[in-house]
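K.L.:
Please see the structure below; I have some questions.
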Amino acid sequence: MKNLIFILLITFILFPSCKEETNKQDANVIATYYLIRHAEKDRGDKNNRDPHLTSFGRQRAENWKKHFKNIEFDAVYSTNYNRTKETAAPTAKANDLVLNYYNPSEYKIEEFIEKTKGQTVLIVGHSNTTPKFVNALIDEDKYDDIDDHNNANLYKVTFTKDGKTSELSVVN
C-alpha cells in the first residue's frame, strides 16, 4: 500500500510539472524567416511578364541552396512566377518540401505569422515585394525596394518571446 501511495504521489507531483514545461516551451517558440528576391531573370523580351531565370540565375538559385544547407526549413513560399519558383525550387527540394504560393498583394501578415509560428521559413519574392514583406513582418517601414539589378540581398527576421529582430546581408 505504501508503494501505491508513493507512486500516486510522484505521479501527481510530476504530471503538473510536465504540463508546465510544455507551456514554457510554447512560450519560447522562435520563428525565423529568410527572405530573398528571385535570381537573375531573362531580360531578352521586355514584353514577357513571366520570364525564366538566366543560366547565371539558375546558378544563383543553386548557390542559395548551398548557402542554406545547414538550415532545416519547415516551409518555402514563392510568388507564382517562373523566376521566383525557379529560385526557390532547389532549396525546397533539398528540404523535401513543396512550394507554397502566395500573392504579395493579398497576403494577410497576421494569418501568415500565426500559420508559420515556430517554423523556419524561406520566402522568395521580388525587388519591391520582398522588402515590403520584411517590413510587414517587423511592423515597421525599415527597408526600401531592392535595386533592379541586385539579386543578392538576404533578409533574416527572427521572432522570439522578447520581440522581433531583422538583419540584411548580401550573399554573392
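K.L.:
Quick check, is Asn103 without any contact (Cβ under 8 Å) to a residue 12 or more places away in the chain and open to solvent by less than 70 Å² (accessible area, probe 1.4 Å)?
P.N.:
Judged against the criteria, Asn103 is not a match.
K.L.:
Count, please, the residues in the range 47-67 that happen to be closer than 11 Å to Ala88 by Cα, among the charged types (D, E, K, R) and open to solvent by less than 90 Å² (accessible area, probe 1.4 Å).
P.N.:
3
K.L.:
Here is a further query. Condition first: open to solvent by less than 100 Å² (accessible area, probe 1.4 Å), modelled with pLDDT of 95 or more and either more than 14 Å from the chain's Cα centre (by Cα) or not β-branched (Val, Ile, Thr) (or both). Now tell me which residues in the range 106-118 satisfy that.
P.N.:
Phe112
K.L.:
Residue under question is Lys156, and the condition is that it be modelled with pLDDT of 95 or more and in a helix (DSSP H, G or I); does it hold?
P.N.:
Answer is no for this residue.
The values are calculated or read from the model by the stated rules, or taken from the named source; none is laboratory data. Quantities reported herein were computed from a predicted structural model and do not represent experimental measurements. All Cβ positions, glycine included, derive from the backbone under ideal geometry; neighbour counts span all protein chains shown. Surface accessibility is based on the protein's heavy atoms, side chains included, excluding ligands, DNA and RNA. Shrake-Rupley method; radii C 1.70, N 1.55, O 1.52, S 1.80 Å.
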